[in-house]
Amino acid sequence: MRWGVLKTHNCGDLRVRHVGEEVTLAGWVHRRRDHGGVTFIDLRDRSGVVQIVFHAGVDSDASLTALPGVRNEYVLRVSGEVVERAEETKNPNLGTGDVEVQAATLEVLNEAKTPPFAIVDDVEVDEMLRLQYRYVDLRRPVMQRAIEMRHGTNQYIRNFMTGRGFSEVETPIMVAATPEGARDYLVPSRLRPGAFYALPQSPQQLKQLLMVGGLERYFQIARCFRDEDFRADRQAEFTQLDIEVSFVEEDDILSMLEELFHGLSRALRTDLHVPTPFPRLTYADVMERFGSDKPDLRYDLELSDCSDLVRESGFGVFRGAVEAGGRVRAVVMPGGASLSRKQVDEFTELAKTMGAKGLVSIQFTAPPADATEDDVRSPVLRHIGIETARAIGVRCEAKSGDLVLIAAGPDGVVNTVLDGLRRDIARRLDLADPDVLQFAFITDFPMFEWDADGRRWDALHHPFTAPNAADLPLLDSDPARARARAYDLIASGYELGSGSIRIHQRALQSRVFDLLGIGPEEQEARFGHMLRAFEYGAPPHGGFAVGLDRVVMLLMGVENIREVIAFPKTQSATDPLTGAPSPVTAEQLDELGIRLAVPPS
């Protein structure tokens, strides 16, 4: 498609069928090569690269005299004839490798300084430098593919949702503070001094109100904000697919999500294997088998509980953990018996970073059931005895040549440690197939979790999640056992999103608020609009929200979402490109009625 008059074709689109045509191209100098009387320039635009040939002594446009000063990243406009390359000079690794353009005219649209790093995919450069010069970094083909992948993702989603009767509705960016579990970004109101808006952590309440408003099927590709610590898969501002539907049950939503994400993955990454149907696993099941509610299911390495085997152990760490109400659990590294003491100690150091006080190892050089003391290496063998060591090996289904890693302590710590070890073992052994994208749904989450510091119950997802109908009596008698009608979508070890069937009746919503320690006055102040809406014919409804940054990250096969965001923030929530966050003037603060407790640095 032709755009304006500066170019007739895209660089990367030229093929043998264009031979003989006069074309005008515009783009950046990707590479220049001088060979005596001939100069080759690889011209690059968003579509790709094509070779331009300049011959010395050819009577061409006078602008060719500018050629000696042209270098990488100059912006050029070139006209000439498309010709087929000689057979021996064709480049099979390039889409345009069968043709080249014999230049007739050249116009330098803009000069360029030498870029701070090479415009190539395998560039090794400090990330801060890349972010500081993001407009240069975005020229790299891999970054352009990431941005196109985001575009393709959004386009597929919009077509999919629209085709199923959903309406895209934009909800406000400036809202009231929400109880989503993370800190809000606050925006001061000039017209109401001392009052603040919050940037939305999600459109949760608003999309539920849309259901009360009779919209029935809503979606939005929404910008959301959370003032929380950054990680490789987390940013302060992020994009999510937000969905809400009336008159549905869990299966309706999960089936639609499976259709959406299987189709999306196959459309944008035809080389990926995306197994279907997506497994549906309960929270209790995955925590017991993998120690995580977002396990990577591309490999096994299931955990084993050895608490009963060591309850009477002579090893005080094991016995004490069980007596204190904790657990002793293990994971097996196939072939790990060959590791050196130093290599095994690396697992111990990793476990300590995740909260463990230590880690116990047992290496079997014979089948555990038949192992003698000569077949077992463990720093605690003399404390637990060969019989217990054998029993542990059998329980874990270890084989000759395997390493068993054992953690002891509170259940939460043990799960965190073994989940981390399981992932590290898979990385060392290359167990996760990069060509497989393994989705799964996690269901039946606990409704509440106990906050020991605050001595109160917190909602595990959010307070608008409906409890399992069978567990309603537990809200009064045993909240810890109450299950929520909540579900997560995970993929290859990442949580992509969460959703639930919502509470739609005022009495039940107030009952949940009461259990969370939110009294009547606070309920009215913070959630009065929701409670009143439920009195005006709120339909049963449920929804979901999926982090699209993580989805694109997985589709691109990278491990950091900054690689798929055009202008991300750093780990410290700063923008090296623009300098944000930055101080504001005293006049601006006075206008807002704000005085800083800490002077700007």
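The values are calculated or read from the model by the stated rules, or taken from the named source; none is laboratory data. Please read all numbers here as calculations on a predicted model, not as lab measurements. For neighbour counting, all protein chains shown are included, and Cβ atoms are generated from backbone atoms with ideal geometry for every residue, glycine included. Ligands, DNA and RNA are stripped out before the accessible areas are found, and what is left, the full protein with its side chains, is counted by its heavy atoms. Shrake-Rupley method; radii C 1.70, N 1.55, O 1.52, S 1.80 Å.
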**OP:** With respect to residue 106, determine if the residue is open to solvent by less than 40 Å² (accessible area, probe 1.4 Å) and either more than 27 Å from residue 580 (Cβ to Cβ) or hydroxyl-bearing (Ser, Thr, Tyr) (or both).
**Re:** yes
Original post:
What residue, among those in segment 1-29 that are at pLDDT 95 or above and open to solvent by 50 Å² or more (accessible area, probe 1.4 Å), is farthest from residue 87 (Cα to Cα)?
Top reply: 28
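Got a sec? Which of 416, 365, 372 is in contact (Cβ under 8 Å) with a residue 60 or more places away in the chain, out of contact with any Phe, Trp or Tyr (no Cβ under 9 Å at 6 or more places or on another chain) and open to solvent by 40 Å² or more (accessible area, probe 1.4 Å)?
416
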**OP:** For residue 286, indicate whether it is touching a residue at least 24 places away in the same chain (Cβ under 8 Å), under 31 Å from the mean Cα position of the chain (by Cα) and closer than 24 Å to residue 554 by Cα.
**Re:** yes
Original post:
When residues of segment 438-482 are filtered for being under 21 Å from residue 286 (Cβ atoms), outside any helix (DSSP H, G or I) and hydrophobic (A, V, I, L, M, F, W, C), how many remain?
Top reply: 11
Original post:
Quick check: is even one residue across segment 308-315 in a helix (DSSP H, G or I) and out of contact with any helix residue (DSSP H, G or I) (no Cβ under 7 Å at 6 or more places or on another chain)?
Top reply: yes
Original post:
If you go through segment 188-213 one residue at a time, how many are assigned to a loop (DSSP other than H, G, I, E, B) and surrounded by fewer than 18 Cβ atoms within 10 Å (Cβ to Cβ)?
Top reply: 8
Original post:
Is it true that some residue in segment 518-525 is touching a residue at least 40 places away in the same chain (Cβ under 8 Å), open to solvent by 20 Å² or more (accessible area, probe 1.4 Å), assigned to a helix (DSSP H, G or I) and among the hydrophobic types (A, V, I, L, M, F, W, C)?
Top reply: no
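Wholly within segment 79-169, which helices (runs of 4 or more DSSP H) include no fewer than the required count, namely at least 2 residues that are closer than 30 Å to residue 210 by Cβ? Spell out the reasoning first.
Details: elements: 127-132, 134-137, 141-163.
It comes to 141-163.
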Original post:
Which residue pairs have Cβ atoms under 9 Å apart, sit 6 or more places apart or on different chains, and have a first residue in segment 138-155 that is touching a residue at least 40 places away in the same chain (Cβ under 8 Å) and open to solvent by 20 Å² or more (accessible area, probe 1.4 Å) and a second that is among the polar types (S, T, N, Q) and outside any loop (DSSP other than H, G, I, E, B)?
Top reply: 138/144; 150/239; 154/239
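So is residue 283 open to solvent by less than 40 Å² (accessible area, probe 1.4 Å) and either hydroxyl-bearing (Ser, Thr, Tyr) or out of contact with any helix residue (DSSP H, G or I) (no Cβ under 7 Å at 6 or more places or on another chain) (or both) or not?
Considered against the rule, which asks whether it is open to solvent by less than 40 Å² (accessible area, probe 1.4 Å) and either hydroxyl-bearing (Ser, Thr, Tyr) or out of contact with any helix residue (DSSP H, G or I) (no Cβ under 7 Å at 6 or more places or on another chain) (or both), residue 283 comes out as no.
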**OP:** Check segment 368-382 and report whether any residue there is hydroxyl-bearing (Ser, Thr, Tyr) and farther than 30 Å from residue 480 by Cα.
**Re:** yes
Subject >> Pairs, first over 14 Å from residue 113 (Cα atoms) and of a type in the set (S, T, N, Q) in segment 69-87, second at pLDDT 95 or above and surrounded by fewer than 16 Cβ atoms within 10 Å (Cβ to Cβ), C-beta under 8 Å, six or more apart >> reply: 79/22
